[in-house]
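Working notes, structure below.
The values are calculated or read from the model by the stated rules, or taken from the named source; none is laboratory data. Keep in mind that what you see is a predicted model, and the values were worked out from it rather than measured. We place every Cβ from the backbone using ideal geometry, glycine too, and count neighbours over all the protein chains shown.
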Amino acid sequence: MDWVRTLEIRTGVTAVIGGGGKTTLLRTLGEELAEAGCKVLLCTTTKIFPFEGMPCVTEKGEDALLAARARSGLVCAGTLLNNGKLTAPAVPMARLEALFDYVLVEADGSAHLPLKAHAPHEPVIPAEASQTICVVGASGFGKPIQEAAHRPELYAALAGAAATDIVTPKLVAAALKTENLHHRVLVNQAELAVFEAKELVILLDGPAVAGSLKLGRIF
């Protein structure tokens, strides 16, 4: 599956926000781009665990990044925390953009939930980002907002609903349009709710696609 082409990933910095598969999307895009001969960096402006089986640079300065880039087309980087997670790299984003063909940034957290509403301090999108992709997990359809969304009360307010209301495509579309933080939407996990995922894409009336990162398929 050519996710890079489908999501129109551009050189430079791309931010990924939302829920339901952000980390998987970063890795999937990174692997595709590296296989095509590009130099790719995966990182965060919030907190993520290092990517398994991938060179991970936690040192300050550019030397370690350059050495890792010479060994592998796909590298992750960040500042290592005591809990084993990474936060933002010590090297400024503008320099990372200069050192790599593509920099893919996870720019918020969703507590492993399929839907996400953003507090005033979120998402942390780098100024250098030319595109922001919002991931929506189709596994949230049919569940109450309070079970499916990170920051459920805020999500409900964005959608003009109650936290106990059931998640529908219309409700998700309302929340996304109210926040208006994205350039493009990926409705992931579409194999779990194909009709609802496709309906959401239609309701958004903009750059959006329904698919499954797990299956490598667009619906």
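Looking at segment 35-71 only, could you name the residues that are more than 18 Å from T24 (Cα to Cα), touching a strand residue (DSSP E or B) at 6+ places or on another chain (Cβ under 9 Å) and either surrounded by fewer than 16 Cβ atoms within 10 Å (Cβ to Cβ) or in contact (Cβ under 8 Å) with a residue 40 or more places away in the chain (or both)?
C38, K39, T58, K60, A67
So if I check each of T132, T164, which one is of a type in the set (S, T, Y) and either at pLDDT below 95 or over 27 Å from C38 (Cα atoms) (or both)?
Details: T132 fails: either at pLDDT below 95 or over 27 Å from C38 (Cα atoms) (or both).
From the options T132, T164, the qualifying one is T164.
What tally of residues in segment 154-204 results from selecting those that are within 25 Å of I125 (Cα to Cα) and not aliphatic (A, V, I, L, M)?
10
I want to confirm something. Restricting to segment 106-124 and keeping residues that are out of contact with any Leu (no Cβ under 8 Å at 6 or more places or on another chain) and within 24 Å of V40 (Cβ to Cβ), which single residue is surrounded by the fewest Cβ atoms within 10 Å (Cβ to Cβ)?
V124
For A94, which of the numbered conditions (1) loosely packed, with under 15 Cβ neighbours inside 10 Å; (2) small (G, A, S); (3) under 30 Å from F141 (Cα atoms) fails to hold?
(3)
So how many residues does segment 189-208 have that are touching a residue at least 24 places away in the same chain (Cβ under 8 Å), aliphatic (A, V, I, L, M) and surrounded by 19 or more Cβ atoms within 10 Å (Cβ to Cβ)?
Of the residues in segment 189-208, 6 are touching a residue at least 24 places away in the same chain (Cβ under 8 Å), aliphatic (A, V, I, L, M) and surrounded by 19 or more Cβ atoms within 10 Å (Cβ to Cβ).
Take A149 and decide whether it is under 16 Å from the mean Cα position of the chain (by Cα), surrounded by 15 or more Cβ atoms within 10 Å (Cβ to Cβ) and over 21 Å from L7 (Cα atoms). Quick ask: steps written out before the conclusion?
Numbers: under 16 Å from the mean Cα position of the chain (by Cα): yes; surrounded by 15 or more Cβ atoms within 10 Å (Cβ to Cβ): yes; over 21 Å from L7 (Cα atoms): yes.
The answer is yes for A149.
Restricting attention to segment 44-59, which residues are within 14 Å of S72 (Cβ to Cβ) and outside any loop (DSSP other than H, G, I, E, B)?
Within segment 44-59, C56, V57 meet the criteria.
Is it true that V75 is crowded, with 16+ Cβ neighbours inside 10 Å and part of a loop (DSSP other than H, G, I, E, B)? Give the steps one after another, and end with the answer.
Working: crowded, with 16+ Cβ neighbours inside 10 Å: yes; part of a loop (DSSP other than H, G, I, E, B): no.
Considered against the rule, which asks whether it is crowded, with 16+ Cβ neighbours inside 10 Å and part of a loop (DSSP other than H, G, I, E, B), V75 comes out as no.
Of all residues in segment 1-34, count the ones that are of a type outside the set (K, R), surrounded by fewer than 18 Cβ atoms within 10 Å (Cβ to Cβ) and outside any helix (DSSP H, G or I).
5
Out of (1) assigned to a loop (DSSP other than H, G, I, E, B); (2) over 24 Å from K116 (Cβ atoms); (3) of a type in the set (D, E), the odd one out for E97 is which?
That leaves (1) as the condition not met.
For L186, all conditions in the list (1) farther than 27 Å from G30 by Cβ; (2) crowded, with 24+ Cβ neighbours inside 10 Å hold save one; what is the number of the exception?
(1)
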